[in-house]
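The values are calculated or read from the model by the stated rules, or taken from the named source; none is laboratory data. The model shown is predicted, which means the values in this text are computed figures rather than measured ones. We place every Cβ from the backbone using ideal geometry, glycine too, and count neighbours over all the protein chains shown.
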Amino acid sequence: METATLGQVKKTIHELDALFKPRSIAIIGASQKDLSIGNVIIKNLLHYGYTGKIYPINPKVDEIRGLKAYQTIFDVPDNIDLAHVIIPAKFVPQVIKECGEKGIKAVIINSAGFSEMGEEGVALQTEFLAIANEYGIRVFGPNCQGIINTDPQYKAYCDFTFTFPKPGNVSIVALSGGVGAFIMQSLFDLDIGMRLYASNGNACDVSISDVIKYYGDDDSTKAIILYTEGLSNPLEFMEVAKSVTKKKPILAMKAGRTEEGAKAAASHTGSLAGVDISTELIFEKTGILAFNNEEELCQVAMAFAAQPIPNGNRVGIITNTGGPAVIATDELVNSGLQLPPLSEKAKAVLQQAMLPEATIGNPIDVVATGGGQHFRSALDVLMDEDQIDSIYINFVTAPFTDTEDVARNIVEVSQLKKKPIICNFMTNMSLERFHETARILKDGGVPCYSFPTTAAKALGALYRYSKIRSREIGSPESFPEVNSKVAGAILTQAKKEGKSYLAADRVYELLAAYGIPVAKWWLANDVEEAENAAGNIGYPVVLKAESSAIVHKSDMGGVVINLKSAKEVKEAGNRMKDKFGDKNLKFLVQKFMPGGKELIAGVSTKPGLGHLVMFGLGGIYVEVLKDVVFKIAPVTQLEASEMLSSIKAAKLLDGVRGEKGINKEMIIEIIQRVSKLVTDFPMITEMDMNPIIAVNDKVFVVDARIKID
Ligand code: ADP
Ligand code: MG
């Protein structure tokens, strides 16, 4: 990015401006054939009213769609900002070189036949990209649709699709052209204006992150819609997304999220992490609003396009019919919103202003005979109420009211932009007489929905974003007292010995070095040593067969709990030796911790992203219940406490039916210490602490496995 100073005004010239704000476009591979891409793009540019110059390039013809065609780009007498490249893949490297020589700053390669086509295509893509880098050309695509800029100053429709959006403030970025196009179409159908569009196909150079950063810096973009099927450089994406979501909402959807859990096989944290939950975790960590329903995403965009963000979760409802307000209330409450009672002052004003049959409260029912001035009084009162952050309206076009007057009053208050207003507008659009009412609301920027639940969900999303914007996840704790020297030595030693799993004694020493509390233990070489150790630890104890070959010790009779004497230890030890057919079996002797809650914490790794930290309900049922949550390391204190409150069984942690709750602070700290351990030592690829037993206001790890690379 370079900065030019124009007198007092500092103007930033963004390096993607040539792509999104081209003043001249060459179409390399322009064609006279009606249904070819090289023709459709010219048609679209002309039809949409592109304000710059269009230069069709084709060595064989003189004219395309009334525009003079040039044999080569060198014949074009002017500078060219952007070139569409629509030629067979094998000619692309040569053409990119020519673009470089011509001084073109950006190219959109619509042609296919590159990395999506296997090795040969990859080689071609690498080849042209190297040339582009050499000349400083930004490449969009290949194998892509292109971009659209609806700004009346440009009207750049550099795309071969068929929806001609009206200008607005929602910008779309989609890896898949098909999804991008239908999102654009849905916005169009909902009469939502669009600002910028980008669908970048193979994304060999200009990435989703680059586009989002550009949209973030674009003042006229108020909300961003993102569709992706995965992220090529998650760390870069996180960096960009984190800063953009503080400025404007990113509404996102990622496909391929179903299998989570279903595939989780039976052994450890790695499989509990499912196939691809990492994109969702990235969305969560960076404050992106995630949707799993594309229709809902588009509907919600309508609210973001026109309304301010609420300051809190308190909603006031105005309705002129009963039932829909009840439906809406359910959904609003589901979304975390509350309906506070009105102040005495507000009630007094409404008593004076409303019809006698109206209900004064929250919801305010102005009744079906209520007209414009009744809606207006209710709106004014809610705008003035300190304990109200947003307004939800149910407006049915009752045949005995001046519905246009109602609409005008809603619009007037909405345009103050003090608090967001969402409207569930119930009417019959096949009746001519309600068209004007609908038009007044739409033109006035009031988001109108045709179902109470949809409208409530939209308001819920505005609230979700308000929480995201003010959420400070903080920095990871440093825990300066941890003994990373000891930990490092343990890990290096294990690696030297060629181990992939640490032995039990090493595991517990490592945890202790990082301040993670473990139950008193001793690793005994034989039964006799186990008896002595049990005496030292204090009865009752637990005896465990120690062998890194065994994943689930208890399944194989390798765990005996509640041993109360040396005699019991001896018997249990000898039985185990027989069972495992191993005369030299070692034993882990451990303090028995009865009556606690069993929790699990662990770590898995995602290539390109790093460690995921996991927490949930533990014990032997973990694979069945799958009540676990993940976060991307490093995990902060806020994130760790969110993990505790977001498992399904969160209430169990507080204790139910007179039980005492667990020591949550200790668990929150353990999660952060684990996060620090794996961040300090990336060679740890997997970790399981199952169970962590929470008992008597204390917490102890009693079983753990650590895998290294
Ligand atoms: P594995 O997971 O290999 O089967 P664990 O060491 O986790 O073996 O033990 C299995 C179960 O035994 C635990 O889920 C827990 O219920 C119980 N258990 C193990 N160690 C203790 C202990 N020190 N105190 C209380 N219960 C324990
Ligand atoms: Mg276990």
message = Yes or no: segment 653-666 includes at least one residue that is of a type in the set (Val, Ile, Thr) and surrounded by fewer than 18 Cβ atoms within 10 Å (Cβ to Cβ).
response = yes
key: Filter pass, Glu529 being part of a loop (DSSP other than H, G, I, E, B) and modelled with pLDDT of 95 or more   = no
ask   = Can you tell me which of Pro356, Pro340, Pro363 is surrounded by fewer than 20 Cβ atoms within 10 Å (Cβ to Cβ), under 30 Å from Tyr465 (Cβ atoms) and at pLDDT 95 or above?
value = Pro340
inquiry  = Looking at segment 512-530, I want the residues that are basic (Lys, Arg) and have a partner that is within 12 Å of ligand 1 (Cβ to nearest atom) and not in a loop (DSSP other than H, G, I, E, B) with Cβ atoms under 8 Å, at least 6 apart or on another chain. Which pairs are those?
reply    = Lys520/Ile537; Lys520/Gln590; Lys520/Lys591
Top-ranked residue of segment 555-572 - restricted to ones that are surrounded by 14 or more Cβ atoms within 10 Å (Cβ to Cβ) and part of a helix (DSSP H, G or I), ranked as nearest to ligand 1 (Cβ to nearest atom) = Met556
ask   = Restricting the search to segment 469-507, which residues are under 12 Å from Lys676 (Cβ atoms), part of a helix (DSSP H, G or I) and hydrophobic (A, V, I, L, M, F, W, C)?
value = Ala487
request  = Please specify each residue of segment 139-157 satisfying the condition of being under 17 Å from Lys21 (Cα atoms) and either touching a helix residue (DSSP H, G or I) at 6+ places or on another chain (Cβ under 7 Å) or of a type in the set (A, V, I, L, M) (or both).
outcome  = Val139, Phe140, Gln145, Ile147, Ile148, Asn149, Lys155, Ala156, Tyr157
query = Just one of the numbered conditions (1) more than 16 Å from ligand 1 (Cβ to nearest atom); (2) touching a helix residue (DSSP H, G or I) at 6+ places or on another chain (Cβ under 8 Å); (3) over 30 Å from Glu529 (Cα atoms) is not true of Leu638; which one?
reply = (2)
query = Could you say whether any residue in segment 628-635 is surrounded by 14 or more Cβ atoms within 10 Å (Cβ to Cβ) and among the charged types (D, E, K, R)?
reply = yes
request  = Would you mention how many residues in segment 614-635 are within 17 Å of the chain's Cα centre (by Cα) and either within 15 Å of ligand 1 (Cβ to nearest atom) or hydrophobic (A, V, I, L, M, F, W, C) (or both)?
outcome  = 5
ask   = Which ranges mark the helices (runs of 4 or more DSSP H) fully within segment 577-661 that have 1 or more residues being within 16 Å of ligand 2 (Cβ to nearest atom)?
value = 622-625
message = If I filter segment 162-198 down to residues being at pLDDT 95 or above and hydroxyl-bearing (Ser, Thr, Tyr), which single residue comes out as nearest to the chain's Cα centre (by Cα)?
response = Ser171
